[in-house]
Structures are given as structure tokens and as C-alpha cells.
Amino acid sequence: MAGLSEVTKSEASEPHEPDSGFDPKSMRKTKPGLKRLVLTVSVLISFILGFPLLWKSVEIYRAPLPFREIDHLSAELDSIPLLFPCHFQAIFIGFNSGADDLESSLLDRMTKLTSQTPQCGTCGTNYTVSVVLDSGSHCLESRSSKSSCPWRCGALSAVDFGGGDDDEAVDEALESVLGGCSGLGSGGKVYSVVVVKRDEDVRAVVGKYRHAWLSGRVSETAAVSRAAEIFVKVFVNGGKEEASIHGEFMPVGADGKIVISFNLLNSDPRDGIYDWDFHSIEDILLAPVIEALKPVANISVESQVLYHTPKSSFSYWDDKWGSFIFSTDDLPFFVNSNEWHLDTSIAAGGRSKILHFVVYVPSAKECPLLLQPKDGEVSKTNGFISPMWGGVIVWNPEECGKVSESKHPVRHPVSQQDLQKVIEVFMGQFRQLFGLKSDNLYVGSSGITNLLASERGFTIWELDVLSRQHTCFNLRSCATTLGSLSRLVQSLPRMIIMDEIGKQVEYSLEAAKLAQNNASLGVYDSSAVASRQARSLAEDAFFHPSIMSVSYYSFEHCFAVYSPFFLPVAMHVLLAALREWRRYKQENKKYLAWKTKSKQNILNSPH
């Protein structure tokens, strides 16, 4: 009875729930739980939140680069050649024509000599001309001369232009008179030509500074032609026929440095060992050259003595010259790269330009050894150059051809006189490598002009030519390098761009702009220094170690690398979340259907 009463009590406690019409497939009596859905969605959300962290972990740092400024620099140099301002002053002594007429004739003649297409690194059409007629008692000046460089009448009356015996004295006298104006021109250097009518043969001389003189029985037309030719062909183009700039004739490294390596090669030391005291003459002869070329390049000098260095070419005996001969056809095979180990110090590494100057001492079996050009004569210097490599001199010592009978090699020091002669030949070769003339003559259409040499190896006007040409070449090289870097960076979105690279690019553009401003003002030295810095910084940015040491890949490659690790799991989590959401909606729909059915049954049931 007790058990029966308990069952009746429990049944009585349950509410009455009508079960009529309940379908287990489409209905359920309990509300579906959210635990599985919440867990699945939580895992999905964790993946979604972790994706930015993953993206941040593989993000490539890229310092901003001024692409627009780089394109502007390249377009500006391509469309507008870099022209330097120049001022030319002609002083006529002993002539009776009008100054303005002479100026007009000089301008017309210079226009014909100037290239119609402006060449970068020259004056082009960016020049002015002034003429002064000096008769001693009174002077006539053209209109443009009054504002550019005031002339003192009779200033050259004490200068003796006759004879030609002491051109150095005339040059210094002209510098004392004209030197004040040569570097103070309004927007550029002032180059002067003095024309003196005298009863003697015509002589034309270009001095070491920025002036030249022409004296003798010369007509007005001839004087104008000679002066115009000196202005355009010598002072502007440096005595070369073409004024265009070619990179292969610029023996300066990308970092603006040149390492000159002097090498004394003993072909066969059994015939005698030749040595030199190079440091004793380095400070005397080479230091002024290095100082003069500072705006163009930073030059360092090295020297060494090598032994057992035979040449690769053959020579033959010539009875006419009483010596062994090697011709110009043998020059490509003269340098023996297998035996001539012209190594330099570690300071010559990097992007510095190395110029080798070799003094070759032949063996006793082929000594004396002379170079014979194609004209059948023998070379006066007995040497030759190899563009962008250096030069070679074959030196035949006095005891040449004598076979030593001593068991031990005899040491022969090279005398200071012989070493000085060698350095003079090297200086001519060095000038040729820079595109200048190695001799002291310029042969033009109007006649022959003597060129005075400088103890520094390069005259003032030649340094101006080199500064202008190197400024142009450096700016073009800078624009080309920065343009290549810009295209490379934009083509590789995953390339790392360090802040140092960005700063180097910005500093390079600033230096290039400074070089352009200095060039427009006619400050040749400063423009050359700034352009050299611009090119060096551009090269440093392009060859930065962070660029060279990392492999760059596209976004597709990055996706292909990481997708095998994360995509399968992410797809399963996403599909599980969708499946749980679909299941929850379906079960909740069943629960709502049962509740609706229950309410209808309750309403329809009798009370």
C-alpha cells in the first residue's frame, strides 16, 4: 500500500502534458543547448583573431622611399641637359674695330662651333661673351663687359708677349692681371683670350690658369676664329673633338675613390733585381696631383715590386733599331694575367676603381725592348694604356742585355732621375685615362695651339672640364641607380627596406639637388663633390647588405608556404561552426514546433 501510494503521489505531482500529435522526427520537448555552438564559435573566433597576429608576424618592414622625387630627377636630367654657366672675355690689343662688332663676330663664330644639341657637362648656350679693345691710352668695351668683369685700361702694357722664350712668365703675368676676374664671374668662371697684334709669327698659347694669348701678324677675322676655337674647343671641351660624356672614360669608382697601384715587374730576377724607393718621390710628384683632383676623386697610392713576371706576347730582333721589337698588334697579349699578380691591399676593395701602372723590366734575352707603332717608328714613351685598367711602360735599364755571371742576383736600385721620367710618362697616361691630351699641342682647324703643362699634372681649366664632366656623369649615374632601385622595390612588395636605405636615398637626392644648384651657379668644385656624394649614396643604397642577403617572394608564395599548416585546420573549424549553427537552428525549430503543438492541444482539450 505504501508503494502504491507513492506512485500515485508522483503521478499526481506531474502536470498533465498532452502527447497527442507528437512527432519525434520534427519535434523535441527540451530546448537545445548552446554549449557545443559556443565552443565551436569560440574556436573559430580565436582563429579569426589570430590571423592579424599571424599577418603581423610575417609582415615586411619597408621604409618609405621618395619614388616621385626619383622619377622627377631622372626625367629632369633626360629632358634638360646639365649646362654650366660660362663667361668668355676677349681682349684685343692693337686693333681698330668696334668692340660690339667684334663681340657679334665672336658670338657668331662660337655658335657655329658649339654643338646644336646641348651636351651635358658643357656650357652649351649658357654663356656670355664680352670684348675689350685696349690701345693703351684708351679702351672700348662691349656692352656686356661692363657688368661682368670691369677692365682696367692699359693693364697688359707691361706684359711682354714677344719671343715665346718664357711662356711661363707671360702666363704668371696674365694671372696677376686677369686672375681677379677668372673666378669671380657672375654665374660661372671667366675665361679670357688676349689677342696682341705684333710684327712676328703667329703664336697661340693656353696657360695653366683660365686664360690664353694669341700674338703675331693676325687679321681680325683670323683672331676671332682662333679665339672662338680656344673658347669652345679647349676651355669648354678640353681639347677633345666630342664633348659627350661616356662612362668608360671616367676612371672613378662608384664610391668616388681611385686606388693607383704602381708595380715594378722584374721579368727574370736572375738577370738582376730592380727595386725602387717609391715613397721618396711619391710625396714630391704625386701629392700635388692627388690634391688637385680632390673635387673629382679621392685618390690613394700603393706600390709593390714583383718577380718572375714574363709577358705573354712575343718579340723579334730588328737590325735597324738594334733592339727587340713588339708591335701594337701584340698589345692585347702583352699583359700576362696568369703571372702578373697585381694584388692590392684590402683598402682597394669594394667599389673603388683600381688603376694599375706597370713598369716592366725585360729579361736580358730580349733587352732592349721597344714598342713600334703602325707608323714604323718606335714609341717615344715606350708605353701604352688600357682604358679603365691602367698603363704599362717597358723600361730598359742601362745595363740592359748583360747577363749576370754572379751566382746570386745583383740588386739594382732605380735612380731618382729614371723614376722621375717614369712618373712623367705615367702622368701622361693618367691624363689619357681621364680623356685629356697627353701632349702639349692642340691641333685645330685654325692652327696649332701650345698648351702649357702644370706641375700638378692638370691645369686649372682642365680641372674645370673634369669637374663639369664628372658632375654630369655622376648625376646621370645617380639617377640611373636610384631609378633601378625604385623599380626593383616596387616590383617586389615583400622586399625589406631598412631605414638606413631610406635615409641614403633621401641624402642622395639632396646631394644631387645641391650639385644641380651649384652647377647653375657655376661653382664647379662644389658641384663635383656633391655629385660624387650623390652617386656614392645611391650605390650604397642599391647594394645595401640587407637587400643582397635576403630572398624576396611574392604574397602568393607566402600563402603557399603557410596554407598547408593553417588552411586544413581553419577549414575544419569553419565547417564545424557552420554545422553546429545549422544543427542548433534545426533543433530549435523542432522545439518551437513542439511548444506550438502543445499550446494548440491545451487550447483544444476539454476542461
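The values are calculated or read from the model by the stated rules, or taken from the named source; none is laboratory data. Here the structure is a predicted model, which is why all the values come from computation and not from measurement. Quick reminder, even Gly has a Cβ in these numbers, built from the backbone with ideal geometry, and neighbours come from all protein chains shown. For accessibility, only protein heavy atoms count, side chains too; no ligands or nucleic acids. Shrake-Rupley method; radii C 1.70, N 1.55, O 1.52, S 1.80 Å.
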On the given criteria, is V170 out of contact with any Asp or Glu (no Cβ under 8 Å at 6 or more places or on another chain) and either assigned by the TED database to the domain that holds R203 or at pLDDT 85 or above (or both)?
no
Checking the structure you have, find out if any residue of region 502-509 is of a type in the set (F, W, Y), open to solvent by 60 Å² or more (accessible area, probe 1.4 Å), more than 24 Å from K294 (Cα to Cα) and not assigned by the TED database to the domain that holds G124.
no
May I ask you to list pairs of residues, at least six apart or on different chains, whose Cβ atoms are under 6 Å apart, with the first in region 565-581 being assigned by the TED database to the domain that holds V41 and the second being among the basic types (K, R) and surrounded by 13 or more Cβ atoms within 10 Å (Cβ to Cβ)?
E580/R36
Members of region 402-420 that are modelled with pLDDT of 80 or more, open to solvent by 70 Å² or more (accessible area, probe 1.4 Å) and outside any helix (DSSP H, G or I)
R411, P413
Residue check, I260 crowded, with 22+ Cβ neighbours inside 10 Å, under 30 Å from P362 (Cα atoms), touching a residue at least 12 places away in the same chain (Cβ under 8 Å) and under 35 Å from the mean Cα position of the chain (by Cα):
yes
Return only the number of the condition from (1) open to solvent by less than 40 Å² (accessible area, probe 1.4 Å); (2) at pLDDT below 85; (3) over 30 Å from F543 (Cα atoms) that S352 does not satisfy.
(3)
Would you be able to say whether some residue in region 513-536 is touching an Asp or Glu at 6+ places or on another chain (Cβ under 6 Å), surrounded by 20 or more Cβ atoms within 10 Å (Cβ to Cβ) and modelled with pLDDT of 85 or more?
yes
Determine, yes or no, whether A593 is of a type in the set (A, V, I, L, M), open to solvent by less than 70 Å² (accessible area, probe 1.4 Å) and at pLDDT 90 or above.
no
Expected single match for within 26 Å of A530 (Cβ to Cβ) and open to solvent by less than 20 Å² (accessible area, probe 1.4 Å) among I299, I281, I290 is I299
For region 73-110, which residues satisfy the criterion of being of a type in the set (S, T, Y) and either touching a residue at least 12 places away in the same chain (Cβ under 8 Å) or closer than 30 Å to H138 by Cβ (or both)?
S74, S97, S104, S105
Among the numbered criteria (1) outside any helix (DSSP H, G or I); (2) closer than 27 Å to S527 by Cβ; (3) polar (S, T, N, Q), which one does N396 miss?
(2)
Would you check if there is a residue in region 310-328 being open to solvent by less than 30 Å² (accessible area, probe 1.4 Å), within 18 Å of P269 (Cβ to Cβ) and in contact with a Cys (Cβ under 8 Å, 6 or more places away or on another chain)?
no
Does E455 satisfy the condition of being farther than 27 Å from R62 by Cα, assigned to a loop (DSSP other than H, G, I, E, B) and not small (G, A, S)?
yes
So in region 204-227, with the set limited to residues that are assigned to a strand (DSSP E or B) and modelled with pLDDT under 90, which one is surrounded by the fewest Cβ atoms within 10 Å (Cβ to Cβ)?
G216
Only one of these is more than 60 Å from the chain's Cα centre (by Cα), exposed (fewer than 12 other Cβ atoms within 10 Å of the Cβ), of a type in the set (D, E) and at pLDDT 70 or above: D19, D23. Name it.
D23
Residue by residue through region 64-107, note down the ones that are open to solvent by less than 40 Å² (accessible area, probe 1.4 Å), in a helix (DSSP H, G or I) and not hydroxyl-bearing (S, T, Y).
I70, L73, L77, A99, L102, E103, L106
Any residue at all in region 565-573 that's under 30 Å from T122 (Cβ atoms) and aliphatic (A, V, I, L, M)?
no
